[in-house]
Amino acid sequence: MARFLATKDDDRTQFKVLYWPVGLSFLALSMLSFFLVPWGGKFVLAAANILLIAGMINISLLFSFWNQSNTKTTVVLACVTLLATAFGYIHLQHFGTTIERIHLMNSVLGALCIWQIVSLAQLLKKDNAYQIKLLLGVVIFQLGTRIVRSAFLFSDPTVTLQTLYQEDGIGFALRVASILAMVTICILITNYYLEKLWHEYRKSSYAIQDGMLNSLNALSMVRDNETGNHILRTKNYVRALAERLRHSGVYREVLSEKAIEDLVKAAPLHDIGKVGIPDTILRKPGPLTEEEWHIMKTHASLGKDVLNAAKLKDAKHTHVLDVAISIAGCHHENWDGSGYPLGLKGEEIPLAAQLMSLADTYDALVTERVYKKQWTHEEACDEICRLKGKRFDPRIVEAFLQEKDHFLQISEMYGD
């Protein structure tokens, strides 16, 4: 918590306040003082109650701050309340009775509970977190215990307490209930902060990952001999295939909505390994020689190595990068084991790479290249059917045939 509060980050301004750690410290000292009262006497009891008020005031200011309703006047009034309560309590300790001190404490703590209820009710309109709802309920319960305790003392004028320890079972139970309510409030505030911290951490992790992926994607497009529209087409082909498979119940266990989104984000990086291929080969305006083709085929392994190097050590959120690694390294593997670089066969090939393989092949066929003419959509469909069970998983080819009209639309929409 201290490390979080000390972090200089404008996005965390709404949480960077000292009311909570200071309030928690006051409440902890208050509980410790109450425990030491039998040995410390009136001075320790007074300290315990004043620290309790100070802790509750800080929590009230915290809720008000969350609600963005804190002003300098609010803080000044809170300080005046603390000082007035402290002087009033010490005065009653010397010239008043235990019951009067109980009424004073219940009145001040009840007023603070009302302040907290108002702040939390307003905050609930902006933040529907379950912790806020529970906090509101617990504070209302705490206010109820204060009211009932004072009402119980007022209802029986024969009660003449000399110390808190002379209270009967009902008074003691109400006192314990209010203490448990305060402990619950502290737990809920801590949980709320931890959840906010976790969300901030995840947002930061995803932002870093997205920035890195965008940078890698830009690098890939600069070095690739394909156009930017090739990237748009292939990732939309991959989405169409994945969603068709999911709808058909094929590979459904691995094609969740999140997995498909990760797949689409990773698809543009399939040829990033071409950053390591010389321009004389990558941009050659004609067919490659056998030696040049051997060098070109290394782009799959190079892509896998590049993305592995980009993966942060001990990173928790690298799902997209993991998918990109499998695509880059395996999208030239064939279903019958005749592909490269590893000669993987059948389901040894990652599903993401299989989808990318078909999408990339279709786009290569229907797009004009310097070394080949553009094929028609029908010719490309026939060729993919011919490669069923050889280069492609038969189930993915079936999905392609169901989506072939969609493929044509994507090809026309993002044509070069």
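Quick one: check the C-alpha center-to-center distance for region 33-98 versus region 286-310, whole angstrom.
72
Could you work out how much longer the chain between T97 and H319 gets when fully extended? Use 0.36 nm per residue separation minus the Cα distance between them, nm to one decimal.
Details: separation 222, 0.36 × 222 = 79.92 nm, distance 6.64 nm.
Length gained, T97 through H319: 73.3 nm.
Can you list the residues, at least 5 places off or on another chain, whose amide H is less than 5 Å from the amide H of F392, using H built in the peptide plane?
Here the answer is W335, since their amide H atoms fall under 5 Å of that of F392.
From the cross-link list K311/K373; K297/K345; K133/K265; K72/K126, which pairs have alpha carbons spaced over 28 Å apart? Mind dumping the intermediate values first?
On the way: K311/K373 39 Å; K297/K345 18 Å; K133/K265 37 Å; K72/K126 23 Å.
Where the Cα-Cα span goes over 28 Å, the pairs concerned are K311/K373; K133/K265.
Rank-order 274-282, 398-406, 261-269 by packing density, defined as the average count of other C-beta atoms within 10 Å over each peptide's residues, highest first.
On the way: 274-282: 15.6, 398-406: 17.9, 261-269: 22.2.
Result, highest mean first: 261-269, 398-406, 274-282.
Give me the percent of accessible area attributable to carbon and sulfur for region 269-391, probe 1.4 angstrom.
Whole-percent figure for carbon plus sulfur exposure: 53.
Projecting each Cα onto the charge dipole of region 263-339 (Lys/Arg +1, Asp/Glu -1 at the beta carbon, about the Cα centre), which of L307, W293, A328 comes out farthest on the positive side?
L307
In the full protein assembly as shown, how much of K390 is accessible to a 1.4 Å probe, in Å² to the nearest 10?
In the full protein context, K390 sits at about 100 Å².
Order these peptides, 342-352, 298-308, 243-253, by their mean beta-carbon neighbour count within 10 angstrom, highest first. Don't jump to the answer; show the numbers that get you there.
On the way: 342-352: 17.1, 298-308: 20.6, 243-253: 15.4.
Highest to lowest by the protection proxy: 298-308, 342-352, 243-253.
At 1.4 Å probe radius, can you tell me the per residue accessible area of region 360-402 in Å²?
53
At 1.4 Å probe size, with no ligands or nucleic acids counted, give the accessible surface of M413 in Å², nearest ten.
Result for M413: roughly 130 Å² accessible.
Order these peptides, 71-78, 175-182, 233-240, by their mean beta-carbon neighbour count within 10 angstrom, highest first. Please list the in-between numbers first.
On the way: 71-78: 12.1, 175-182: 17.1, 233-240: 23.1.
Put in order of decreasing packing, that is 233-240, 175-182, 71-78.
How far apart, in nm, are the 7 Å Cα→Cβ label points at E292 and S107?
Taking the two extended label points, one gets 9.5 nm.
Separation of region 355-416 and region 263-281 by C-alpha centroid, Å?
Result: 19 Å between the Cα centres.
Would you please give the FRET efficiency between K311 and V250, computed as 1/(1 + (r/R0)^6) with r the Cβ-Cβ distance and R0 = 25 Å, to the nearest 0.05?
Here the calculated transfer efficiency is 0.25.
Would you please give the FRET efficiency between E195 and L124, computed as 1/(1 + (r/R0)^6) with r the Cβ-Cβ distance and R0 = 22 Å, to the nearest 0.05?
Values: r = 16 Å, r/R0 = 0.72.
Result of the calculation: an efficiency of 0.90.
What is the gain in length, in nm to one decimal, between K372 and E257 on full extension, counting 0.36 nm per residue of separation less the C-alpha to C-alpha distance?
37.7 nm
If we count every other residue with Cβ under 14 angstrom of L109's Cβ, Lys/Arg +1 and Asp/Glu -1, where does the sum land?
Residues close to L109 contribute a combined charge of +4.
Counting heavy atoms of the protein chains only and a 1.4 Å probe, report the per residue accessible area for region 225-278 as a whole number of Å².
Value for region 225-278: 39 Å² per residue.
The values are calculated or read from the model by the stated rules, or taken from the named source; none is laboratory data. None of these values were measured; they are calculated from a predicted model. Reconstructed Cβ throughout: ideal geometry from the backbone, glycine too, with neighbour counts over all protein chains shown. Side chains are part of the model used for accessible areas, which takes the heavy atoms of the whole protein and leaves out ligands, DNA and RNA. Shrake-Rupley method; radii C 1.70, N 1.55, O 1.52, S 1.80 Å.
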